[in-house]
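The values are calculated or read from the model by the stated rules, or taken from the named source; none is laboratory data. Everything numeric here is computed off the predicted structure, so don't read it as measured data. Every residue, glycine among them, receives a Cβ derived from its backbone with ideal geometry; neighbour counts consider all protein chains shown.
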């Protein structure tokens, strides 16, 4: 067993206690993780949520995969970096060969990108040089030994059979000289099959009632070892003893299945001829008893026929070392009347100013383009945001009012942005390139834009699309983001009266811009602020509002406590008082950010524990106020609680997922509540609430105790339309709700 973390349980309520229990070389069950290895919540946790995961483009051409990306975590010690990378190259070569053999010669790895951590010098890299990253995000992660699986390669799979996994994880100790893994290549090939093709283990687990090590077969009327092989599996009395070593039971002549064991001559997966469809394996349970090769053959890579060659093939991949360094953004905004709905244009100007002047961090270059009816107007060419003056000048170039036309040439704006990014790449080298498009949608048929998308993808340029202030055309902008591997959002203007919009519109827009920053940031993401608390304050007859939030011991400065207000001339707030865990009182307000509609309390927010605040409002406030607290990780290796929202569309419907972890530890027993809203006709609103569960039921929750909570969502009640999902993660109500919700939409 793995020793418990050296946490002081008396420090403060949000401490977590964890330990690990193992049986053999895998967790006690691949259906559920041992209760002793969970991270237990003892305080409400609200964390920033990303609606999607952007994964680097991985292509399959002529029987080879290109663009496989591996990241080395900054926590991996750099002392043995040369050895780690050299052995990583060797391991990847063996894994590519194992993939080739397991798929019967139909696929191997052609090129691999390794993202070197920012704290490793170039001298760690063979050749002592790296090239700038183009925004790749990893399929495989190399990090410290996992708190559950330790040094065993594993794949996080949260989606149904046939769907791609979340990531593959490899302990860096697998690549040290003193660590001997006799079948590392085959182990990685096994995990690759799980990740890429959505297949599952064909082996049982000790004391698991669903996927047992051994079972009584009605066919043979005898005890059988749970697994799959093309040769008989000898039980040898081990089932009765309760100690089964699979590698000793497999027939020396067996060639399948890698999902059962990687020992001896085993190097392939079971097909229809060798598959045991009656064995109670996880794969049988989740894949309708199809063989592994049946599932793989139905994958998009092979569904239209497979590449095969009788000629000898070199399966050793080309490896390129890259380092995250720079992000280039070009903002393309539609400059038409459709962008003006009450205060929507004013909110857009402020959101861009906040993003450019306050939020953007690291090495960034930003350009700005307005798309009108017939052309694109350059407002600011790509400019490094190295000085406050450069940031202010760029934000100041957004027009005060939009144009008079009703249609826009988005193709003109996006193609000009493409040209800028291509020219900058040719002159100054590659970077992560993103076009942020903000518009109220597109027509159903836009051939010029449709033809441009493959060109952007080929140039490694992604579109981050924001459909705003409403979808007034046949299609939202989502399709452009999907076509380029980007992310998409819909922010709908909310009417207060004939002249004013609710400030919630601006709040949502700024949070979406913040998510774009989080997604495409190049560098150490621990430098970015984390939202630890959010609260909407509405008029309910009370003039005094009391709230609280908990600051984790791994979070601190830079930190901010802000209150968003609609009226900058008269914020309708009498006073704000913030009290630290040590009872230090902060009551001074700052107007430094008031031009962005933000009141700030200058406080040293670095004390661990529960903070409280009191806001005195004037009665009759027509608009809500929003409290928002952000803090920053104390170091890159400080584990903090995080949550991630993502979805999968299946034949059974839309599945919502929320992954809740503290570092690499899964958080168990959390209350993950989803609030769903849909705007109807005549400003009517459909609203419903439900919880996501981590039960390991198999449909849709694949594994219990992995910190991934899930549930199907149906539009039967609310009807078709745009749905907004707000996710709140808490500790099941033992303390007041403290944190943040993150908003996004999905068309159903």
Item to complete: Among the numbered conditions (1) crowded, with 19+ Cβ neighbours inside 10 Å; (2) within 20 Å of the chain's Cα centre (by Cα), tell me where residue 148 comes up short.
Response: (2)
Worksheet item: When region 631-645 is examined, which residues are found to be out of contact with any helix residue (DSSP H, G or I) (no Cβ under 9 Å at 6 or more places or on another chain) and either surrounded by 20 or more Cβ atoms within 10 Å (Cβ to Cβ) or without any contact (Cβ under 8 Å) to a residue 12 or more places away in the chain (or both)?
Response: 631, 641, 643, 644, 645
Item to complete: Would you confirm whether any residue within region 398-411 is free of Cβ contacts under 8 Å to residues at least 60 places away in the same chain and in contact with a strand residue (DSSP E or B) (Cβ under 6 Å, 6 or more places away or on another chain)?
Response: yes
Practice prompt. Can you tell me which residue among 653, 698 is surrounded by fewer than 20 Cβ atoms within 10 Å (Cβ to Cβ), out of contact with any strand residue (DSSP E or B) (no Cβ under 6 Å at 6 or more places or on another chain) and not assigned by TED's automatic domain parsing to the domain that holds residue 611?
Written response: 698
Worksheet item: Filtering region 78-106 down to residues that are touching a residue at least 24 places away in the same chain (Cβ under 8 Å) and not in a helix (DSSP H, G or I), which residue is farthest from residue 314 (Cα to Cα)?
Response: 78
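Regarding region 496-505, can at least one residue be identified that is closer than 20 Å to residue 617 by Cα, in a strand (DSSP E or B) and modelled with pLDDT of 95 or more?
We begin by selecting, within region 496-505, every residue closer than 20 Å to residue 617 by Cα; these are 496, 502-504.
The next check asks that each one be in a strand (DSSP E or B); those that pass are none.
No: region 496-505 contains no residue that is closer than 20 Å to residue 617 by Cα, in a strand (DSSP E or B) and modelled with pLDDT of 95 or more.
Examine region 483-492 for a residue that is assigned to a helix (DSSP H, G or I) and either assigned by TED's automatic domain parsing to the domain that holds residue 647 or more than 19 Å from residue 351 (Cα to Cα) (or both), and state whether such a residue exists. Walk me through it before giving the result.
To start, the set of residues in region 483-492 that are assigned to a helix (DSSP H, G or I) comprises 483-484.
Filter again for either assigned by TED's automatic domain parsing to the domain that holds residue 647 or more than 19 Å from residue 351 (Cα to Cα) (or both), leaving 483-484.
Taking every residue of region 483-492 in turn, at least one turns out to be assigned to a helix (DSSP H, G or I) and either assigned by TED's automatic domain parsing to the domain that holds residue 647 or more than 19 Å from residue 351 (Cα to Cα) (or both).
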Discussion item. Which residue is farthest from residue 134 (Cα to Cα), if the candidates are limited to region 445-458 and must be more than 25 Å from the chain's Cα centre (by Cα) and crowded, with 17+ Cβ neighbours inside 10 Å?
Written reply: 446
Item to complete: Taking residue 109 as meeting all but one of (1) at pLDDT below 95; (2) assigned to a strand (DSSP E or B), write down the number of the exception.
Response: (1)
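With region 221-314 as the region, which helices (runs of 4 or more DSSP H) entirely inside it contain at least 2 residues that are modelled with pLDDT under 95 and more than 34 Å from the chain's Cα centre (by Cα)? Reasoning before the result, please.
Values: elements: 238-241, 246-249, 282-286, 292-297.
Where helices (runs of 4 or more DSSP H) fall fully within region 221-314 and carry at least 2 residues being modelled with pLDDT under 95 and more than 34 Å from the chain's Cα centre (by Cα), they are 238-241, 246-249.
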Response to the item:
For residue 461, the lone unmet condition from (1) closer than 26 Å to residue 647 by Cβ; (2) touching a residue at least 60 places away in the same chain (Cβ under 8 Å); (3) surrounded by 20 or more Cβ atoms within 10 Å (Cβ to Cβ) is (2)
Worksheet item: within 28 Å of residue 330 (Cβ to Cβ) and under 21 Å from the mean Cα position of the chain (by Cα) - does that describe any residue in region 548-560?
Response: no
Discussion item. Just to be sure I understand, how many residues within region 225-243 are buried (at least 21 other Cβ atoms within 10 Å of the Cβ) and touching a residue at least 40 places away in the same chain (Cβ under 8 Å)?
Written reply: 4
Worksheet item: Which of the residues belonging to region 601-614 are surrounded by 19 or more Cβ atoms within 10 Å (Cβ to Cβ) and not in a loop (DSSP other than H, G, I, E, B)?
Response: 610, 611, 613
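I'd like to check something: does region 417-436 contain any residue that is within 18 Å of residue 335 (Cβ to Cβ), touching a residue at least 40 places away in the same chain (Cβ under 8 Å) and either more than 29 Å from the chain's Cα centre (by Cα) or part of a loop (DSSP other than H, G, I, E, B) (or both)?
There is no residue in region 417-436 that is within 18 Å of residue 335 (Cβ to Cβ), touching a residue at least 40 places away in the same chain (Cβ under 8 Å) and either more than 29 Å from the chain's Cα centre (by Cα) or part of a loop (DSSP other than H, G, I, E, B) (or both).
Looking only at region 516-527, how many residues end up being in contact with a helix residue (DSSP H, G or I) (Cβ under 7 Å, 6 or more places away or on another chain) and at pLDDT below 95? Don't jump to the end; show me each part of the working.
Of the residues in region 516-527, the ones in contact with a helix residue (DSSP H, G or I) (Cβ under 7 Å, 6 or more places away or on another chain) are 517.
Cutting the leftovers down to at pLDDT below 95 gives us none.
Result for region 516-527: 0.
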